[in-house]
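Written out below as structure tokens is the structure these notes cover.
The values are calculated or read from the model by the stated rules, or taken from the named source; none is laboratory data. Because the structure is a prediction, the values reported are computed rather than measured. Backbone-built Cβ (ideal geometry, glycine too); neighbour counts: all protein chains shown. Heads up: the accessible areas ignore ligands, DNA and RNA and are worked out on the full protein's heavy atoms, side chains in. Shrake-Rupley method; radii C 1.70, N 1.55, O 1.52, S 1.80 Å.
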Amino acid sequence: TYRCIGNVLRNQGKYEKAMQEYQKALESYLKTLGPDHSWTATTYREIGVVLQNLGRHEEASDHFQKALAIFRKNLGENHPKVALIYNFIAKDLAQRGKHGEAEELLSKAV
């Protein structure tokens, strides 16, 4: 499926092609599963990772925030998937030199 193809391409460092596959997956999930489904959230997260790798930090942050909102709504604040998103956001903040914010966020993930 599109997301699986995107994962393979991302792991090969083919970020632009991975992004195309993730976008197809996201469109499909939004239409068929809805905006609050865990696969939708996971795809937002995967797009965020690709954007982060491309240095498009603001866009990555937006996608991580969307994933976070869905996971928090569906799984609660203390779920490992929520902690994982906090980790991705913190990494992104650290890459932008916002170490204090990153550290604060990581303490939420623990």
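If you average 1/r across every pair of different Cα atoms in the chain and take the reciprocal, what Kirkwood value do you get, in Å?
13.9
With all protein chains present and a 1.4 Å probe, how do V49, V8 order by accessible area, largest first?
V8, V49
What residue among A90, G55, L26 has its Cα farthest toward the positive end of the dipole of segment 22-110, where the charges are +1 on Lys, Arg and -1 on Asp, Glu, each on the Cβ?
After comparing all options, I get L26.
Can you put D36, D92 in order of accessible area, largest first, using a 1.4 Å probe?
Largest accessible area first, the residues go D36, D92.
Percent relative contact order of segment 1-106, based on C-alpha pairs within less than 8 angstrom and at least six residues apart?
Once divided by the residue count of segment 1-106, the mean separation gives 18 percent.
Using Cα-Cα distances under 8 Å and only pairs 6 or more residues apart, what relative contact order does segment 53-110 have, in percent?
Computed over segment 53-110, the figure is 31 percent.
Need one number: the % of Cα-Cα pairs in segment 49-88 sitting beyond the 16 Å mark.
Tail of P(r) above 16 Å: 32 percent of Cα pairs.
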